[in-house]
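Working notes, structure below.
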Amino acid sequence: MTHVAALDGLSDLLHVKSVETRYGAFRAIRTRNPQDPTTRGEVLDKKFRYHIVPTTGEPLIHVTRTRIPEIVVFATSSG
């Protein structure tokens, strides 16, 4: 996954309809590079990570408490 085309492909998946695919792409990008500006997010109250991911897809909020507690908000740039 070090090739730029892999990152481009994963980035494209952040905009699809499938919730599982979008979040899977987010996790893959984050695993590939935790400092990627698209997925870096911020730590809130030293308890969980909060991410806002720009998307052209439907707005979505994904919450998980396993492994890394986090909230991922997939939001349009206008919303």
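The values are calculated or read from the model by the stated rules, or taken from the named source; none is laboratory data. Predicted, not measured: the structure shown is a model, and the values here were computed from it. Cβ: placed from backbone, ideal geometry, glycine included. Neighbour counts: every protein chain shown. Note: areas computed on protein heavy atoms with side chains; ligands, DNA, RNA excluded. Shrake-Rupley method; radii C 1.70, N 1.55, O 1.52, S 1.80 Å.
Structural remarks
- Calculated accessible area for the chain comes out at 67 Å² per residue, all protein chains present (probe 1.4 Å; ligands, DNA, RNA ignored).
- Modelled spin-label separation between I52 and K17, with each label point placed 7 Å from Cα along the Cα-to-Cβ direction: 2.8 nm.
- Compared with the direct C-alpha span, the chain from N33 to S77 gains 13.5 nm at full extension, assuming 0.36 nm per residue.
- Residues of the range 6-30 falling in the label zone of V43, defined by backbone nitrogen less than 19 Å from a point 7 Å along Cα to beta-carbon, are 30.
- The chain - charge dipole about Cα centre, Lys and Arg +1 at Cβ, Asp and Glu -1, debye rounded to 20: 340
- Across the accessible surface of the chain, with the other protein chains kept in place and a 1.4 Å probe, carbon and sulfur atoms take up 57 percent.
- Antiparallel DSSP beta bridges within the chain, as percent of all bridges there, nearest 5: 55
- Mean projected area of the convex hull spanned by the Cα atoms of the chain, taken over all viewing directions: 5.3 nm².
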